[in-house]
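Inspection log for the structure reproduced underneath, given as structure tokens.
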Amino acid sequence: MADRDADIIARLAPGVASLDPAAWDRLAGADPFLSHAFLAALEHSGSVGPGTGWTPTPILIEDGQGAIAAAAPAYLKGHSQGEYVFDHGWADAFERAGGQYYPKLQIAVPFTPVPGARLLGPAPQQLLAAAEAVVEQNGLSSAHITFVDEAGAAECLARGWLMRSGIQYHWQNRGYGDFDDFLAALTSRKRKAIRKERAAARAGLDFVHLRGNQIGLAEWDAMWAFYQDTGSRKWGFPYLTRAFFDRIAQTMGDTLLLFLALRDGIPIAGALNLVGADTLYGRYWGATEEVPFLHFELCYYQAIEWAIAHRLSSVQAGAQGEHKLARGYQPVLTYSAHFIANPGLRDAIATFLDGERAAIDREFAWLEQALPYRSPSSP
């Protein structure tokens, strides 16, 4: 497929696993979710691929020697599951009007609502042109880029793609020396509430942090049970297979960090994190025993403690969750971009997004005023 904007060749690959790991990782940088190891694990494990509605079709821009110069992790999607940016209403409206919304082209990290680069390398406009060509040449309804970083969002906006905003909550390290130092930055009421939550969650339990090859088969068995329980309650079925966890255990090393809560030496809850260059990413959590505030302890407070101790700049603990605000996590805007081929559908979505964006802006302004940090004059 020739890029229509420049004399550069773009092609679709049958999956990231089929590509040279070093060539891919040179473009992906330090983002663990964009790494060849993570994306290939999704493919090798059957978490994406035949029967899942996620067909890997990474878009590649090649130089004159056939080397990969730019890339985008892309998938043909047969549904809208596992994206965390919801377009089910768009699909329903288009199909009621006689259109066919699926398959669509999705540029994303599957099942991962973590903002980051999606247009990898120095040719973002060529990648966008290639995505448009895939839609137009194959009669697809649309292309979508979810959780794209600000630089990528600007490239999409410049090309006329529709932009959509969302809100997440991230913790920012303001140079804290330890967890008590962080608590001291909060209002007195919030400090007391967090201390009570931690005391309730930790009563009678022990906690361990395991990294890389410290995570043994027994711990992976426990984490798989936790993940299955959470997945079945939230989505009806887990998106990831057990083989995915086995694969990343072999290929991702110290990128993996597991927090476990144990009662009498037996794991009853766990949170699996990925360690980035300056961010701790909380991804998968679950429990086999109901303990008040244990989710907050494992997923929020222990993550903050670990990030402070290892001098990371931020913690990202997943999508949504206004309750994170009271626990020191701050609102941030996230972005997605949408290329809609049908003019009528595009106009309807654009009108919807105008109203949604105004509501998001109002909510974001309110959330910034509700932060739990104390002013210099407060106790």
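Given the structure, is GLN106 touching a helix residue (DSSP H, G or I) at 6+ places or on another chain (Cβ under 8 Å), under 21 Å from GLY160 (Cα atoms) and of a type in the set (S, T, N, Q)? Before the answer, list the steps.
Values: touching a helix residue (DSSP H, G or I) at 6+ places or on another chain (Cβ under 8 Å): no; under 21 Å from GLY160 (Cα atoms): yes; of a type in the set (S, T, N, Q): yes.
The answer is no for GLN106.
So, in region 238-267, how many residues would count as being open to solvent by 10 Å² or more (accessible area, probe 1.4 Å) and modelled with pLDDT of 95 or more?
Within region 238-267, residues that are open to solvent by 10 Å² or more (accessible area, probe 1.4 Å) and modelled with pLDDT of 95 or more number 18.
Listed here are the residues, each with its yes/no results for (1) over 30 Å from ARG159 (Cα atoms); (2) over 19 Å from the mean Cα position of the chain (by Cα); (3) at pLDDT below 95.
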position	(1), (2), (3)
ARG311	yes, yes, no
GLN316	no, no, no
TYR335	no, no, no
HIS338	no, no, no
LEU345	no, yes, no
ALA348	no, yes, no
GLU363	no, yes, no
PRO379	yes, yes, yes
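If you go through region 69-79 one residue at a time, how many are open to solvent by less than 40 Å² (accessible area, probe 1.4 Å) and assigned to a strand (DSSP E or B)?
Just the residues of region 69-79 that are open to solvent by less than 40 Å² (accessible area, probe 1.4 Å), to begin with: 69-75, 77.
From the residues that got through so far, the ones that are assigned to a strand (DSSP E or B) too are 69-72, 74-75, 77.
The qualifying residues number 7.
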Top-ranked residue in region 33-63 [being assigned to a loop (DSSP other than H, G, I, E, B) and out of contact with any strand residue (DSSP E or B) (no Cβ under 9 Å at 6 or more places or on another chain); ranked as farthest from ALA143 (Cα to Cα)]: SER45
Residues of region 266-299 classified as without any contact (Cβ under 8 Å) to a residue 40 or more places away in the chain and out of contact with any Phe, Trp or Tyr (no Cβ under 7 Å at 6 or more places or on another chain), total: 6
Number of the exception - TYR301 against (1) closer than 30 Å to GLU363 by Cα; (2) open to solvent by 20 Å² or more (accessible area, probe 1.4 Å); (3) among the hydroxyl-bearing types (Ser, Thr, Tyr): (2)
Search result, residues across region 50-62 that are farther than 25 Å from PRO122 by Cα and either open to solvent by less than 10 Å² (accessible area, probe 1.4 Å) or hydroxyl-bearing (Ser, Thr, Tyr) (or both): THR52, TRP54, THR55
Hits in region 109-158 - residues which are under 20 Å from ALA91 (Cα atoms) and without any contact (Cβ under 8 Å) to a residue 24 or more places away in the chain: ASN138, GLY139
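I'd like the full set of residues that are closer than 17 Å to LEU272 by Cβ and aliphatic (A, V, I, L, M), limited to region 290-326. Before you say what the answer is, go through the steps one by one.
Taking region 290-326 as the starting set, the residues that turn out to be closer than 17 Å to LEU272 by Cβ are 294-307, 310, 312, 315-319.
LEU294, LEU298, ALA303, ILE304, ALA307, LEU312, VAL315, ALA317, ALA319 - these are the residues of region 290-326 that are closer than 17 Å to LEU272 by Cβ and aliphatic (A, V, I, L, M).
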Where ALA358 falls short, out of the listed (1) within 22 Å of the chain's Cα centre (by Cα); (2) small (Gly, Ala, Ser); (3) modelled with pLDDT of 95 or more: (1)
Hits in region 149-164 (condition: touching a Pro at 6+ places or on another chain (Cβ under 7 Å) and either among the hydrophobic types (A, V, I, L, M, F, W, C) or closer than 19 Å to GLU83 by Cα (or both)): ASP149, GLY152
Qualifying residues in region 324-379 (those that are open to solvent by less than 60 Å² (accessible area, probe 1.4 Å) and polar (S, T, N, Q)) - the one nearest to HIS170 (Cα to Cα): GLN330
Residue in region 23-34 that is closer than 23 Å to THR279 by Cβ, more than 20 Å from the chain's Cα centre (by Cα) and at pLDDT 95 or above present: yes
Boolean, ILE308 is assigned to a strand (DSSP E or B), of a type in the set (Val, Ile, Thr) and over 27 Å from SER165 (Cα atoms): no
Sole exception among (1) out of contact with any Pro (no Cβ under 7 Å at 6 or more places or on another chain); (2) assigned to a loop (DSSP other than H, G, I, E, B) for ASP181, by number: (2)
Yes/no for ALA70 being among the hydrophobic types (A, V, I, L, M, F, W, C) and either under 18 Å from LEU12 (Cα atoms) or in contact with a strand residue (DSSP E or B) (Cβ under 6 Å, 6 or more places away or on another chain) (or both): yes
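Only one of GLN106, GLN65, GLN100 is open to solvent by 50 Å² or more (accessible area, probe 1.4 Å), out of contact with any Pro (no Cβ under 7 Å at 6 or more places or on another chain) and in contact (Cβ under 8 Å) with a residue 24 or more places away in the chain. Can you tell me which? Spell out how you get there, then give the answer.
On the way: GLN106 fails: open to solvent by 50 Å² or more (accessible area, probe 1.4 Å); GLN65 fails: in contact (Cβ under 8 Å) with a residue 24 or more places away in the chain.
Selected residue: GLN100, the only one of GLN106, GLN65, GLN100 that is open to solvent by 50 Å² or more (accessible area, probe 1.4 Å), out of contact with any Pro (no Cβ under 7 Å at 6 or more places or on another chain) and in contact (Cβ under 8 Å) with a residue 24 or more places away in the chain.
The values are calculated or read from the model by the stated rules, or taken from the named source; none is laboratory data. What you are looking at is a predicted structure, and each value in this text was computed from that prediction instead of being measured. Cβ: placed from backbone, ideal geometry, glycine included. Neighbour counts: every protein chain shown. These accessible areas exclude ligands, DNA and RNA; they are computed on the full protein's heavy atoms, side chains included. Shrake-Rupley method; radii C 1.70, N 1.55, O 1.52, S 1.80 Å.
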